[in-house]
Amino acid sequence: MTFRAGFACVVGRPNAGKSTLTNALVGEKVAITSSRPQTTRHTIRGIVHRPDAQLVLVDTPGFHKPRTLLGERLNALVLGTLGEVDVIAFCVPADQEAGPGDRFIAAELAEVRGTPVVAVVTKTDLVGRRALAEQLLRVADLGGFAEIVPVSAVRGEQVGLLADLLVGLLPEGPALYPGGELTDEPEAVMAAELVREAALEGVRDELPHSIAVVVEEMVPRADRPADRPLLDVRATVYVERPSQKAIVIGRGGERLRAVGTEARQHIERLLGTPVFLDLHVKVAKDWQRDPKQLRRLGF
């Protein structure tokens, strides 16, 4: 049996379903998701293990017209990733007509020489057959793609077919990661992302882009017996203005407690151990536009 291994970059405009698709292909949650655009802030690798292949998916931030220094850096991150992979999965949502943003990305992909591009029409569960057929024709007009595949990551429809197509475009070679490993993201980064995902839920529309999370400490509690371990995780949620801090904390701290409870449960599932999560909220004024603060926050 020929074994194939390589990298596939998942690209598209914000809220195109890239992270949901990545999770569906991997079969586990490795990327946070949200109904709000521009949730993904850095490249996330999810690893698909098969008897005949190892497919490493690189989920990228949504490519968009930047309005802040953070936006510029996220776009540069996407462009830098395109030249380092074996195949590109270009996501276009079925429920939104292909527009200028999609045409811009398609033009950028056309400049990446020698790398095949598979167009993935996502969120097919949100439209009927006629609307899907019309979208497939519009996507075909965007460029010369190796394949065009309609997929519903939520329902799992055609996810396996997409995986087969991506694997078929990978080079022959040995596995790149140990068996069973689903991501190469550091645990602290994954925990920070899960806190941010919980904080994104139920906040105002203008707030998500202002939230950043840093895990300051992640250590086993020293006085616990071996059969009852407890991991202490201390994390800081950063926002840009005092009014945003009040939103995240909520009346009497109610909102922050809810964020902590939800995030803790996800972190425990991720790490397989009980967790004590200590959350704090701080203001870092206009951090999205400040190079020094962006570096401190990991961007």
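The values are calculated or read from the model by the stated rules, or taken from the named source; none is laboratory data. Treat the numbers as computed from the prediction; the structure is a model and nothing was measured. Quick reminder, even Gly has a Cβ in these numbers, built from the backbone with ideal geometry, and neighbours come from all protein chains shown.
Of the residues making up segment 139-183, those that are more than 22 Å from the chain's Cα centre (by Cα) and of a type in the set (D, E, K, R) are D141, E147, E172. For A140, the conditions (1) in contact with a strand residue (DSSP E or B) (Cβ under 9 Å, 6 or more places away or on another chain); (2) under 22 Å from V85 (Cα atoms) are fulfilled apart from (2). Within segment 222-231, can one find any residue that is closer than 12 Å to V281 by Cα, at pLDDT 90 or above and buried (at least 19 other Cβ atoms within 10 Å of the Cβ)? Within segment 222-231 (the criterion being closer than 12 Å to V281 by Cα, at pLDDT 90 or above and buried (at least 19 other Cβ atoms within 10 Å of the Cβ)), the answer is no, since none of the residues qualifies. Residues in segment 133-186 that are hydroxyl-bearing (S, T, Y), more than 20 Å from T2 (Cα to Cα) and either at pLDDT below 95 or assigned to a loop (DSSP other than H, G, I, E, B) (or both): 1 in all.
Yes/no per residue for (1) within 16 Å of R196 (Cβ to Cβ); (2) assigned to a helix (DSSP H, G or I):
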residue: D232; (1), (2): no, no
residue: V237; (1), (2): yes, no
residue: Q244; (1), (2): yes, yes
residue: V248; (1), (2): yes, yes
residue: G252; (1), (2): no, yes
residue: F276; (1), (2): no, no
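With the structure loaded, tell me whether E262 is assigned to a helix (DSSP H, G or I) and closer than 16 Å to I211 by Cβ or whether it fails that test. Judged against the criteria, E262 is a match. Out of the residues in segment 232-248 that are surrounded by 12 or more Cβ atoms within 10 Å (Cβ to Cβ) and more than 25 Å from the chain's Cα centre (by Cα), which is modelled with the highest pLDDT? Per the criteria, the residue is D232. Taken over segment 284-299, the criterion of being of a type outside the set (G, A, S) and surrounded by 14 or more Cβ atoms within 10 Å (Cβ to Cβ) is satisfied by W287, Q288, R289, D290, Q293, L294, R296, L297, F299. The single condition among (1) at negative phi; (2) at pLDDT 95 or above; (3) surrounded by 15 or more Cβ atoms within 10 Å (Cβ to Cβ) that V203 does not satisfy is (2). In segment 1-22, of all residues being surrounded by fewer than 22 Cβ atoms within 10 Å (Cβ to Cβ) and closer than 20 Å to L170 by Cβ, the one that is modelled with the lowest pLDDT corresponds to M1. Among the residues of segment 121-142, just one is farther than 10 Å from A94 by Cβ and buried (at least 17 other Cβ atoms within 10 Å of the Cβ), namely L142.
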